[in-house]
Each structure stands twice: as structure tokens, then as C-alpha cells.
Amino acid sequence: MKIITALLFLLVSFSPIAEKKITKTGTITFEASVPSFEEVKAKNETVTCILNTENGEIAALALMKGFRFKVALMEEHFNENYIESSKYPKATFKGKIENFEISKLASTAKEYTIKGKLELHGKTKDLNIKAKLKKNGESINLVSDFIVNVDDFDIKIPNVVSKKLSKQVNITLDFNLK
């Protein structure tokens, strides 16, 4: 895990005096449920995220095998059949928070746009997502909800279960960066 954290530091170019905020316990939740069928939802509470408070650059890494489902069989299918965790063990995001100024953060959340690239399942997609940031003591809390399309990442859903899974996956982020 230390190697992964070190690699994340290299992903974002920090100036020598830049202050960084980091978490290794960020949460990503995704849901691909369809009405009238069993809930398809998972949570990963071991996501690493680094924010350069000088320029708003941000990088995050989630290990695919860190996602936990209520149903063990769903977790197994997710890792083996859909996301292919052995072949594609991680998802990464590298981007920048537009118009970010740490001095303007307050205890009331303010909405920002984050532009960057999400790499998942061997594919890369440009994303523009809305996120709410607020200061919580010395920490910065980042919360976001957005949608990704499984087709953008070449994730195949077999016809047998295609009506039980949404191709539009709701993603929720919650990072408390210290």
C-alpha cells in the first residue's frame, strides 16, 4: 500500500512547498440497480486520494477488490466477470479542481467542477464532475455524485442479466482529506 501511495504522489506534480491533503480511507459507493430487481450496490472504504491545496490538482486510487457487496456472489461476479479485477486491479482518477482556492473554503460546502481522467477497466475517459468541498477544521471534505456508463469502459454485461443491471452507474464519493 505504501508503494501505491508513493505512486499517487508522483501522479500529481507538486511544487516543493505545496501543502497536500490526503486520505487513505476515502469512500466510493456505486449503484447499478434496476427497479424491481435485487439491489446492485457496493462500497469501498479504502480509497486513497491526494489534493494539492496550492493548485487544486487531485489524484485518487481505488483497488477493485476493495468493493464490498451485501451478497458475496455479486462481489465474486463483479471481480471475476465484469470488472476483471485480476487483469484490471485498480481505478485511478487524475484531475484538477477548477478555480480552487483553499483560502475560500469555509464550513459551508461550495460547489466546484473537477475536470480529469478516469481510468477503469483498461479504458480512460474524460470526466467533468461537480463536487462540494468544505473545510472541517484542518481537513477538507469532498463529496460528489456522478454517473458513468459501463460502455465507456468496455464492461460487458451478459444478456442473461442485462435487464437486472443498469448501464448507467451512480457513483458517490466522500473523502475527508487531512
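The values are calculated or read from the model by the stated rules, or taken from the named source; none is laboratory data. Since the model is a prediction, treat every value here as computed from it, not as a measurement. Virtual Cβ from ideal backbone geometry, glycine too; neighbours counted across all protein chains shown.
Name the residue that is surrounded by the fewest Cβ atoms within 10 Å (Cβ to Cβ), counting only residues in region 154-178 that are modelled with pLDDT of 95 or more and over 18 Å from Lys41 (Cα atoms).
Out of the qualifying residues, it is Asp154.
If we scan region 141-150, do we find a residue that is free of Cβ contacts under 8 Å to residues at least 24 places away in the same chain and β-branched (Val, Ile, Thr)? Write out each step before concluding.
Going through region 141-150, the residues free of Cβ contacts under 8 Å to residues at least 24 places away in the same chain turn out to be 149.
Now restrict to residues that are β-branched (Val, Ile, Thr): none.
Looking for residues that are free of Cβ contacts under 8 Å to residues at least 24 places away in the same chain and β-branched (Val, Ile, Thr), one finds none in region 141-150, hence no.
Which condition does Leu8 not pass, out of (1) crowded, with 16+ Cβ neighbours inside 10 Å; (2) modelled with pLDDT of 95 or more, if it passes all the others?
Unmet for Leu8, out of (1) crowded, with 16+ Cβ neighbours inside 10 Å; (2) modelled with pLDDT of 95 or more: (2).
If I go through region 151-178 residue by residue, how many of them are touching a residue at least 40 places away in the same chain (Cβ under 8 Å) and hydroxyl-bearing (Ser, Thr, Tyr)?
2
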